[in-house]
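Below: one structure, written as structure tokens.
The values are calculated or read from the model by the stated rules, or taken from the named source; none is laboratory data. Quick caveat: nothing in here was measured; it's all calculated off a predicted structure. Cβ placement follows ideal geometry from the backbone for every residue including glycine, while neighbour counts extend to all protein chains displayed. Ligands, DNA and RNA are stripped out before the accessible areas are found, and what is left, the full protein with its side chains, is counted by its heavy atoms. Shrake-Rupley method; radii C 1.70, N 1.55, O 1.52, S 1.80 Å.
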Amino acid sequence: DTAMFKAKEKGRNNIQFYRGDMKEEILRKIELEKQLAEAVKNVEFLLYFQPQFSLDDSNSIRGFEALIRWKSSRGIISPMDFIPLAEKSGLIIPIGKWVMLTACQMFQELCAHYDLDALISVNISAVQMRDKGFVQLVKDVLRETQMEPYRLEFEITESMLIESPKETVELLKELKTLGIHISLDDFGTGYSSLNYLKMLPIDTLKIDKAFVDDIAAEAYSKNLLGDMIHMAHHLNLSVIAEGVETEEQLEFLKATGCDYAQGYLLSRPKEMSSIQELLAKRKEGTKQAEQGIA
Ligand code: C2E
Ligand code: CA
Ligand code: CA
């Protein structure tokens with residue numbers, strides 16, 4: 001039974017021999033799934049926000065990416081450790097709903113206090129997009145939070161496209177009609193077919209951290225990154241580089257014409273209170289500059 005469970009987990013048509021350590025792993029997963037279901041009931045989640053900065057002279061904030069954390073009795077658990085399980089178990093549907101609604105509510109609150117011209121980016125799993133109620137959920141959240149739709153951005157990945165390209169394009173078109181921004185996340189790591197890119201109704205490419213990390217490496221890596229940025233611009237897409245950690249990377253991205261950057265160098269993902277502090281400081285800075293103090 002354990003081997004069969006493991007084989008099914010790998011997908012269809014798989015063979016798996018039994019190993020002693022498998023049982024433990026499966027039991028651990030079952031336990032985690034139980035805890036996650038409880039966490040959904042008790043809403044044990046937090047949202048962090050990571051700002052995305054413009055690379056032009058304005059240094060303005062383009063928007064914030066909402067990133068979920070699970071505040072469990074064992075401490076804060078990273079999404080990497082529970083999102084895949086949430087996707088497999090279907091719990092991503094209520095979790096994703098909570099993320100979308102909460103991100104919009106918190107963003108609206110920020111807008112009410114600070115003079116913001118920015119976006120809120122929400123990660124959407126392929127499982128959520130396949131859910132029949134997805135578009136209705138989006139409409140409900142927009143209405144309930146009175147969000148201007150063009151301030152909401154969905155970060156999607158290519159996995160969805162590979163499974164059902166036609167349906168995905170249709171769905172994305174429907175979302176675009178609502179006015180929502182679409183950004184293709186982790187660009188360069190998956191399929192990244194030029195053919196898909198051309199037919200996709202998207203606005204932005206997020207270049208994966210792996211390419212940004214390569215900036216310090218050989219010249220050809222730098223050229224590749226530069227070419228990706230130029231290609232995106234030819235397709236009328238804007239570009240965000242993610243995982244920017246060093247000044248060298250930032251300078252290179254600026255010089256290559258990348259539009260926006262996100263990463264630890266500029267700001268880590270932060271709780272709402274820290275984002276408010278950041279915005280308050282920036283506001284104070286602009287005021288002083290206007291008065292000629294700074
Ligand atoms: P992602 O969408 O690619 O998000 C970027 C991840 O990189 C985040 O990890 C962020 O904290 C991290 N990061 C940002 N800047 C840097 C940097 O300079 N250096 C390094 N080393 N890392 C950086 P996080 O928050 O742990 O999220 C991991 C993944 O979990 C996300 O990857 C996304 O796929 C998923 N995820 C997070 N929140 C949600 C959510 O609300 N819904 C869904 N479906 N998935 C989510
Ligand atoms: Ca993302
Ligand atoms: Ca990413």
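Checking each residue in segment 221-249 for being within 23 Å of Lys198 (Cα to Cα), within 16 Å of ligand 1 (Cβ to nearest atom) and either part of a helix (DSSP H, G or I) or acidic (Asp, Glu) (or both) picks out Leu225, Glu242.
Answer yes or no: is there a residue in segment 250-257 that is without any contact (Cβ under 8 Å) to a residue 40 or more places away in the chain, away from ligand 3 (no atom under 15 Å from the Cβ), surrounded by 15 or more Cβ atoms within 10 Å (Cβ to Cβ) and under 22 Å from Thr157 (Cα atoms). Taking every residue of segment 250-257 in turn, none turns out to be without any contact (Cβ under 8 Å) to a residue 40 or more places away in the chain, away from ligand 3 (no atom under 15 Å from the Cβ), surrounded by 15 or more Cβ atoms within 10 Å (Cβ to Cβ) and under 22 Å from Thr157 (Cα atoms). Just to be sure I understand the filter: pairs with C-beta atoms under 9 Å, separated by 6 or more residues or on different chains, first member in segment 275-294 and closer than 11 Å to Tyr114 by Cα, second member in a helix (DSSP H, G or I) and open to solvent by 60 Å² or more (accessible area, probe 1.4 Å). Which pairs pass? Going by the 9 Å Cβ cut-off, the qualifying pairs are Gln276/His113; Leu279/His113; Ala280/His113.
Annotation note: Cβ proximity below 6 Å between a residue of segment 202-224 that is without any contact (Cβ under 8 Å) to a residue 24 or more places away in the chain and among the charged types (D, E, K, R) and a residue that is assigned to a helix (DSSP H, G or I) and buried (at least 17 other Cβ atoms within 10 Å of the Cβ) (sequence gap 6+ or interchain) occurs for no pair. Restricted to segment 18-120, the set of strands (runs of 3 or more DSSP E) holding at least 3 residues that are touching a residue at least 60 places away in the same chain (Cβ under 8 Å) and surrounded by 12 or more Cβ atoms within 10 Å (Cβ to Cβ) comprises 45-54, 61-72.
Consider Lys209 carefully, then state whether it is closer than 30 Å to Cys111 by Cα and touching a Pro at 6+ places or on another chain (Cβ under 7 Å). So Lys209 fails the test. If you check Ala261, Ala289 for being open to solvent by less than 30 Å² (accessible area, probe 1.4 Å) and within 17 Å of Ser60 (Cβ to Cβ), only one passes: Ala261. Scanning segment 202-220 for residues that are assigned to a helix (DSSP H, G or I), aliphatic (A, V, I, L, M) and surrounded by 14 or more Cβ atoms within 10 Å (Cβ to Cβ) returns Val212, Ile215. Going by what's in this entry, would Ala241 be described as open to solvent by 40 Å² or more (accessible area, probe 1.4 Å), among the small types (Gly, Ala, Ser) and within 18 Å of Ile61 (Cα to Cα)? No; evaluated as a whole, the condition is false for this residue. Looking across segment 226-249, the residues that are without any contact (Cβ under 8 Å) to a residue 40 or more places away in the chain, farther than 18 Å from Pro51 by Cα and touching a Gly at 6+ places or on another chain (Cβ under 9 Å) come down to Gly226, Ile229, His230, His233. Within the option set Arg130, Arg151, being touching a Leu at 6+ places or on another chain (Cβ under 8 Å), surrounded by 14 or more Cβ atoms within 10 Å (Cβ to Cβ) and among the basic types (Lys, Arg) holds for one residue only, Arg151. Of all residues in segment 178-201, those satisfying the criterion of being open to solvent by 20 Å² or more (accessible area, probe 1.4 Å), within 16 Å of ligand 3 (Cβ to nearest atom) and closer than 17 Å to Pro165 by Cα are Gly190, Tyr191, Ser192.
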